[in-house]
1. Given the conditions (1) closer than 22 Å to Thr15 by Cα; (2) open to solvent by 30 Å² or more (accessible area, probe 1.4 Å), report the number of the one that Leu87 does not fulfil.
2. Scan region 108-119 and tell me whether some residue there is hydroxyl-bearing (Ser, Thr, Tyr), on the phi > 0 side of the Ramachandran plot and over 11 Å from the mean Cα position of the chain (by Cα).
3. Do we find that Leu79 is touching a strand residue (DSSP E or B) at 6+ places or on another chain (Cβ under 8 Å) and open to solvent by less than 20 Å² (accessible area, probe 1.4 Å) in this structure?
4. Can you name every one of the helices (runs of 4 or more DSSP H) wholly within region 37-126 that holds 1 or more residues which are of a type in the set (Ser, Thr, Tyr) and modelled with pLDDT of 95 or more?
5. Exactly one of these conditions fails for Ala13: (1) over 11 Å from the mean Cα position of the chain (by Cα); (2) within 23 Å of Ser112 (Cα to Cα); (3) at pLDDT 90 or above. Give me its number.
Amino acid sequence: MKIHVHAGAHKTASTYLQTILELNRPALTEAGIGCAPLPELRKSLTNRLHELSPSTFRIEDFAPLFFHGHDAPREVRGLIVSDENLLGLTSAFLRSGQLYARAGDNLSHLRSLIPDREIVLFVSIR
């Protein structure tokens, strides 16, 4: 199973992409691809990223988040994680003056949570 991570920088049409993904969730689910809605993804994963431990984290436990609150289909081909906050928050830039200073740490920690999965990273910049 591939994990597709979209970590678009702010103001690079991330919201548009997330809207299109949300509109197509039924078709994605039918194809065995899960896509979590942004508010639920932030609440469950992005905002808690550094609290999650590689020793206890299992991406499979998040299946209801990615598949409309239901069990994952028999064959899960992939998951889509799309959140511009994976790179960092604009408020952190305002405080520190450094743009996405923790982006590397955030993405490395995400990788450590799912070491046994192929990750395809998409980054949009402007």
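1. Result: Leu87 passes all but (2).
2. No, that holds for no residue.
3. yes
4. Working: elements: 38-44, 63-66, 90-96, 103-113.
Here the list reads 103-113.
5. (2)
The values are calculated or read from the model by the stated rules, or taken from the named source; none is laboratory data. These figures come from a predicted structure and were not determined experimentally. Neighbour counts are summed over all protein chains in view; Cβ atoms, including those assigned to glycine, are modelled from backbone coordinates with ideal geometry. Remember, those area values only see protein heavy atoms, side chains included, never the ligands or the DNA or RNA. Shrake-Rupley method; radii C 1.70, N 1.55, O 1.52, S 1.80 Å.
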